[in-house]
Amino acid sequence: MAELIDGVNEFLPALSLIVVLVVAGLVWRRASARTGPVDSHAAVVRGDLDRREQRLADREERLEAEAGRLDDRASELSSRQADLDGRAGALAARDADLDAELQRVAGMSADEARAELVAGIKHDAKLAAAHRVREIEREAQEEGEAKARRILTTAIQRLAAPQTTESVVSTVPLPSDDMKGRVIGREGRNVRTFEQITGVNVIIDDTPEAVVLSCFDPVRREVGRLTMVELVADGRIHPNRIEEVHERCAREVEALCVRAGEDAATEFEITDLHPELVRTLGLLRFRTSYGQNVLAHLVESGHLAGLMADELGLDRALCTRAALLHDLGKALTHESEGSHALVGAELARRHGESEEVAHAIEAHHDEVQPRTVEAVLTQAADAISGSRPGARREALESYVKRVRALEAIAAAKPGVEKVFAMQAGRELRVMVQPTEVDDIQAQVLARDIAKQVEEELSYPGQIRVTVVRESRATEVAK
């Protein structure tokens, strides 16, 4: 046993060496097996890197070549810029030489020449504009006059109004001449009482079976006429009876006035007129202007204004309202200061009428300059209604005398060439010599003529004096 153990111990070193060799061989084989794939992958990576380096090198060469071309291009552009700068300097020097030569030849600086050129252009432009404006004004005037004539003719032709004339006296028929004694009364007490209560003068003359009542206030005259008619019909005439009948007749006339105003307003479909304006409008039923009934004149003017408003495409209601109310001031007595146009406008404003209507009222006789189309239409309607044949009457002899006196006053002034009395003597047109009367003297002449007319003549309403000084410029084209 021991020998066996000793024999084994002798072979242990050799056995250990063999085992070590075997293990070393196995380890080497395994290491060889793992190292092979790693080396092949590294080779692939290395080849890819080499190709990339080559491409980068090629790209760098191309960039260097492009940079070289850009440097050449920049050099070429720099040279061209230098050439252009040189040419610009040469042109500037040439322009300076030309400017100097032009200034020397023209005898003026560049600023002076520029100013003269601008002035010439402005003058030509203004001249062309003046010709164009004159042409437009001429065309507008021709078209406006034609259209105005058509509108006025149409309005006049379409309107048919009754012709009426009135006076300041009223005649009351009597059943017999014996009634005159009752009217006079004992010792004339009935006549005196009647005149005191009514404010109307009673004229008892040789006219058979009639008495005449005279009063400048048409409303009082109408109240007196109704009172006398009722007293004569009843036959009982004494102071108490006269007073009683007068009060009743005054109320009747007041109701008639309100009814007349309402009828006139209703005819134009006006429903919002103030009651005081309705009453004032009705009072005009008994007033006349040159023999024309004022209320009938207002109604006629309203229709004319409405017809012209339709032709022009304006507000018919506003135009008819202004024309219907334009003579309201004639219903007020002398206690109201001012012309009837201004008084009527103030009355309209006080009772809620619009400013357009009030302005048309105050401007219908040019006492205020018209600012609206409605005011101009009111003027036109008033003129047409008052100037149509048969509308108003005036003694021919007094009319001719007044017109001739007007023209004589103006013709006697120095520098006057022609004189025309227009609009039935309401306007005096004076033509003067432009070489003898300047603009300031024309104003003085108009004032002097107006003052002399006020002092020497008696006339209704107002008279407008217009002095015309015409200047003419004439040139001959050769």
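Restricting GLU397, GLU355 to residues that are over 18 Å from SER289 (Cα atoms) and modelled with pLDDT under 85 narrows the list to GLU397.
Of everything listed in (1) surrounded by fewer than 23 Cβ atoms within 10 Å (Cβ to Cβ); (2) within 15 Å of LEU298 (Cβ to Cβ), the single unmet condition for ALA348 is (1). Kindly establish whether VAL299 is closer than 23 Å to ALA363 by Cβ, touching a residue at least 12 places away in the same chain (Cβ under 8 Å), of a type in the set (A, V, I, L, M, F, W, C) and in contact with a helix residue (DSSP H, G or I) (Cβ under 7 Å, 6 or more places away or on another chain). Against the criterion (closer than 23 Å to ALA363 by Cβ, touching a residue at least 12 places away in the same chain (Cβ under 8 Å), of a type in the set (A, V, I, L, M, F, W, C) and in contact with a helix residue (DSSP H, G or I) (Cβ under 7 Å, 6 or more places away or on another chain)), VAL299 qualifies. Selection within segment 435-456: residues that are touching a residue at least 40 places away in the same chain (Cβ under 8 Å) and surrounded by 15 or more Cβ atoms within 10 Å (Cβ to Cβ). The member of this set that is nearest to SER471 (Cα to Cα) is ILE449.
The values are calculated or read from the model by the stated rules, or taken from the named source; none is laboratory data. Just so you know, these numbers come straight off a predicted model, no measurement behind them. Positions of Cβ are backbone-derived with ideal geometry, glycine not excepted, and every protein chain shown enters the neighbour counts.
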